[in-house]
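The values are calculated or read from the model by the stated rules, or taken from the named source; none is laboratory data. All values reported here derive from a predicted model rather than from experimental measurement. In this analysis, Cβ positions are derived from the backbone assuming ideal geometry, glycine residues included, and neighbour counts consider all displayed protein chains.
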Amino acid sequence: MSSKKNRLDVLRYLLSNKRFDNQIELLRDLRAQGFDVAQPTLSRDLHYLKVSKVYDEEGHSVYSLPQDVSSRSITVRKPKKRINHDLGFLKAVFSDNLLLIKTLHGYASSMAAEIDNNPIPEVLGSLAGDDTVLLVLKEKCDRDILIAQLERIIPHFYCRR
């Protein structure tokens, strides 16, 4: 087994069993496990594992692994529980097959993660900045269906139809 594979396995384990709100803490725990890595390597590992920062129940920003796709039921999907905190939604604007969502500073990543964890057939993909989420939509998607799905996921979501 390669050193990178071992490191990624340990990183997955750490992220699954402990809350981290910054890379310094993660580096410290990785080093305690015998992996002497630099911050840029850790950053690439987090990107490779598709780790995102989300807000926990107390409103703290923490690193989170994506949900395991294989554990989702294909025939029956339970509706996702809405998160307990406000995602910082400000406004949403359509432009052809794009939807631009503005958030408070620092909230776009967790909002995009919520959207990605609640698949919407009309959404091809999302891109998050600091205060902006860009959704790429299927051509001629039904905006009413999309808005209804986003209202289910994002607290206080509103978009003119």
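Some notes on this structure:
- Lone unmet requirement of (1) without any contact (Cβ under 8 Å) to a residue 40 or more places away in the chain; (2) closer than 17 Å to ALA113 by Cβ; (3) surrounded by 11 or more Cβ atoms within 10 Å (Cβ to Cβ) for TYR55: (1)
- Only one of LEU127, LEU146, LEU100, LEU137 that is modelled with pLDDT of 90 or more, exposed (fewer than 13 other Cβ atoms within 10 Å of the Cβ) and outside the structural domain of LYS18 (by TED's automatic domain parsing): LEU127
- Selection from segment 15-42 of residues that are small (Gly, Ala, Ser) and more than 16 Å from the chain's Cα centre (by Cα): ALA32, GLY34, ALA38
- Taken together, the residues in segment 108-140 that are assigned to a loop (DSSP other than H, G, I, E, B) and either out of contact with any strand residue (DSSP E or B) (no Cβ under 8 Å at 6 or more places or on another chain) or polar (S, T, N, Q) (or both) amount to 8.
- LEU46 vs. criteria closer than 27 Å to GLN149 by Cβ and at pLDDT 90 or above: no
Yes/no per residue for (1) of a type in the set (D, E, K, R); (2) modelled with pLDDT under 90; (3) exposed (fewer than 11 other Cβ atoms within 10 Å of the Cβ):
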position: ASN17; (1), (2), (3): no, yes, yes
position: ASP21; (1), (2), (3): yes, yes, no
position: GLY59; (1), (2), (3): no, yes, yes
position: ASP68; (1), (2), (3): yes, yes, yes
position: ARG77; (1), (2), (3): yes, yes, yes
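- All positions within segment 84-129 that are within 13 Å of the chain's Cα centre (by Cα) and not small (Gly, Ala, Ser): LEU87, TYR107, MET111, GLU114, ILE115, ASP116, ASN117, ASN118, PRO119, LEU127
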